[in-house]
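The values are calculated or read from the model by the stated rules, or taken from the named source; none is laboratory data. Since the structure is predicted, the reported quantities are computational estimates derived from the model, not experimental observations. With ideal geometry, Cβ positions are generated from the backbone for all residues, glycine too; neighbour counts draw on all protein chains shown. Protein only, heavy atoms only, side chains kept; ligands, DNA and RNA dropped before computing areas. Shrake-Rupley method; radii C 1.70, N 1.55, O 1.52, S 1.80 Å.
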Amino acid sequence: MKIASVVSTKGGTGKTTTSANLGAFCADAGLRTLLIDLDPVQPSLSSYYLISDEAQGGIYDLLAFNVTELSRIVSTTTIPNLSLVISNDINNQLINLLLQAPDGRLRLANLMPAFRDHFDLVLIDTQGARSAMLEMVVLASDLAISPLPPNMLTAREFNRGTMQMLDGLRAYARLGLNIPPVNIVVNCLDQTSDAQMIYDTVREIFQDNQEISVLDSTIPAAVVFRNAASQGIPAHRLEYRQPSNRQAPSALSIIRRLAIEVFPEWRDRFEAMTEERVAKLAREAR
């Protein structure tokens, strides 16, 4: 089982959209995929896709009471192979619980082995703020994905917030915990020269960094991702062929390329997600 977190210390970078679309694509490729919504303030992932079988509990039960029984905390979406732990911390109590608990930042890492026999991939969506909860998620992850819009304010916040958070977690490495590599994916990349300049600058800054890499894959500023979210449909199912009036590739090509780069061990599965196969899935889902 691989655990990937989608993180940023700034809101509005596209974490939920990335989590939802990457998770649904991996599920369609046959991976048993679990989405975990760990954003108590804006729990958008919890309602991104329709739920066919909703569990009574969610993330609060998992972290507050160590409930790992799947039937009690894991909901089933209408997308085959895609499950969800909803955010049900309506009073935002978990952050205080984690700060007071002796195992606070280690709790999720200690609980995740309970899911190992049931899922191939766990994707965790997080709140856009540095907190004990975000640090807990990072410490439980095998890798972190950080969407980064191509503007200087967001780039500076990444350098200030996310980098400082990673530096603060290095002490846990001495306890044998893994500090995961961070993969930056430039999100909402438009065709302006300013956006391209910022993208090139970000790549240059981190080109020799052993812990942070800028992915070759980018996510363009395409309306299909907004439309897919509005309809509760994975973007790759909504647009599996490149529109004739757009230079950017199809949503299927974008997400497939990102999945291959982030999870190369499943490359064969992802490459098998051809236009014809996804078109069939989209027809069957109607």
The size of the Cβ-based charge dipole (Lys, Arg +1; Asp, Glu -1) of segment 81-226 about the Cα centre, to the nearest 20 debye, is 400
Along the dipole axis of segment 1-145 (charges at Cβ: +1 for Lys and Arg, -1 for Asp and Glu; origin at the Cα centre), the most positive-end residue among Cys26, Phe115, Gln100 is Gln100
Taking the square root of 5λ for each eigenvalue of the C-alpha gyration tensor of the chain, the equivalent ellipsoid has semi-axes, largest first and in whole angstrom, of 28, 25, 16
Over all directions, segment 1-87 yields a Cα convex hull whose mean projected area in nm² is 5.7
The long-range amide H neighbours of Ile3, using H built 1.01 Å from N in the peptide plane and a cut-off of under 5 Å, are Val122, Asp142, Leu143
Restricting to lysines and to Cα separations under 26 Å from Lys2, and discarding same-chain partners fewer than 8 apart, the set is Lys10, Lys15
Taking a probe of 1.4 Å and leaving out DNA, RNA and ligands, segment 62-193 shows per residue an accessible area in Å² of 44
Diffing segment 41-48: the Karplus 3J(HN,Hα) column from phi (6.51, -1.76, 1.60, θ = phi - 60°), in whole Hz with x for Gly and Pro, holds 7, 10, x, 5, 5, 5, 10, 5
The answer for the net charge of residues other than Tyr60 whose Cβ lies under 15 angstrom from its Cβ, with Lys and Arg +1 and Asp and Glu -1, is -4
Any aspartates and glutamates whose Cα falls less than 18 Å from that of Lys280, other than same-chain ones fewer than 8 residues away, would be Asp28, Glu239, Glu271
So, over other residues within a Cβ distance under 14 Å of Leu106, counting Lys, Arg +1 and Asp, Glu -1, the net charge is +1
Distance in Å, no decimals, from the C-alpha centre of segment 25-70 to the one of segment 114-141 is 11
The chain: antiparallel bridges as % of DSSP beta bridges, rounded to 5, reads 10
Between the residues Gln231, Ser193, Leu45, the Cα farthest towards the positive end of the dipole of the chain, that dipole coming from +1 and -1 charges on the beta-carbon of Lys, Arg, Asp and Glu, is from Gln231
Over the chain, the sum of -39500 (n - 2.57) across DSSP H runs of at least four, divided by residue number and rounded to 500 deg cm²/dmol, gives at 222 nm -11000 deg cm²/dmol
Quick P(r) readout (segment 168-209; Cα-Cα; 5 Å bins; whole %) gives 5, 18, 19, 15, 13, 11, 9, 6, 3, 0
Output for segment 238-282: chymotrypsin sites (Phe, Trp or Tyr not before Pro) sitting in coil per DSSP, at most 12 other Cβ within 10 Å, listed by number, reads none
About its Cα centre, the chain carries a charge dipole, from +1 on Lys and Arg Cβ atoms and -1 on Asp and Glu Cβ atoms, whose size in debye to the nearest 20 is 220
With no solvent term and unit scatterers on the alpha-carbon positions of segment 12-142, Debye gives log₁₀ I(q)/I(0) at q = 0.16, 0.20 Å⁻¹ of -0.74, -1.21
With segment 120-273 reduced to its Cα atoms and the Debye formula applied, log10 I(q)/I(0) at q = 0.20 1/Å amounts to -1.44
Low-density loop trypsin sites (Lys or Arg not before Pro), segment 185-263, at most 15 other Cβ within 10 Å, DSSP non-H/G/I/E/B, are Arg241, Arg246
The answer for Val186, listing residues at least 5 apart or on another chain whose modeled amide H is closer than 5 Å to its amide H, is Leu148, Leu215, Ile219
If each K or R counts +1 and each D or E counts -1, the residues other than Met163 whose Cβ falls under 14 Å of its Cβ total +1
